[in-house]
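Worksheet: the structure to be examined is printed underneath.
The values are calculated or read from the model by the stated rules, or taken from the named source; none is laboratory data. No experiment lies behind these values; they were computed from the predicted model shown. With ideal geometry, Cβ positions are generated from the backbone for all residues, glycine too; neighbour counts draw on all protein chains shown.
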Amino acid sequence: MNEILNKLNGYDAKESVELQLIANTVLDITKLYEEQKISQSEYQELLGDIQLESAITSDASALNAKAQLKLIIDTAITIAATAAKAV
Amino acid sequence: MKKLLIVLLFATLSGCAMLDAYNMAKFDSNEYQLVAKVRTIAEVTKADCSDASLMKGNANTLLIAATEFKNFTANIIHNEESLGMAKNLLLEVKGLQERYKKEVVSEYYCTTKMTIIEQSATTVQTALGAKPR
């Protein structure tokens, strides 16, 4: 758990919250399995879902980075166009 | 000339990432609406987890919504991340529907599964909402 939380330092606040939720869900699932409230196959499936959720978070992060880069490019193009007009 | 070389070098080094970002699919309100629908179904029907017969129908409705989202996203160009998220979200939902079709499902499994689907859909929705207009 600590290892997971330490890794959160490299992410922004929103992504950290998402990863924190995932980490909490893993703990909840493990507790449910230990208390025999879910079967082994249900436990395995839910752990698989956690991996899918992590992959979704990773794709979301990549998409955000792309959107930010696109914003920078658009701003640079606007500045260049304005400068060209002024010359 | 020196400036031109610097510009060319910069463009070569980061050209792919720049081009990728420049061409990225813009915000699509339909795409956003479809994932919001998946999130809403999971959020609302979570309360029905104690009633297996009701949840069987809910699982089907959720599967249709998640499949619609994946299919809508699939043919938009320069939209790889969104498609990847849609596919993974659909895989989460498929597991629920298949289990309700085959066997007795525990209430705890159902509640946890719906929470995971809701969290995932929220993450996707947030990312899609940040796409450039």
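Just need a number here: residues in the stretch B:87-116 that are facing chain A (nearest Cβ under 8 Å) and in a helix (DSSP H, G or I).
Residues in the stretch B:87-116 being facing chain A (nearest Cβ under 8 Å) and in a helix (DSSP H, G or I): 12 in total.
Restricting to the stretch B:44-86, give me the number of residues that are among the aliphatic types (A, V, I, L, M) and assigned to a loop (DSSP other than H, G, I, E, B).
Step one: list which residues in the stretch B:44-86 are among the aliphatic types (A, V, I, L, M), which gives B:44, B:47, B:52, B:54-55, B:59, B:62-66, B:74, B:76-77, B:83, B:85-86.
Then drop every residue that is not assigned to a loop (DSSP other than H, G, I, E, B), which leaves B:76-77.
Within the stretch B:44-86, residues that are among the aliphatic types (A, V, I, L, M) and assigned to a loop (DSSP other than H, G, I, E, B) number 2.
Just one of the numbered conditions (1) modelled with pLDDT under 95; (2) closer than 22 Å to A:Leu19 by Cβ is not true of B:Lys56; which one?
(2)
Residue-by-condition table, conditions (1) loosely packed, with under 10 Cβ neighbours inside 10 Å; (2) at pLDDT below 90:
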position	(1), (2)
A:Ile22	no, yes
A:Leu32	no, no
A:Lys37	no, no
A:Ile56	no, no
A:Asp59	no, no
A:Ala67	no, yes
A:Leu71	no, yes
A:Ala86	yes, yes
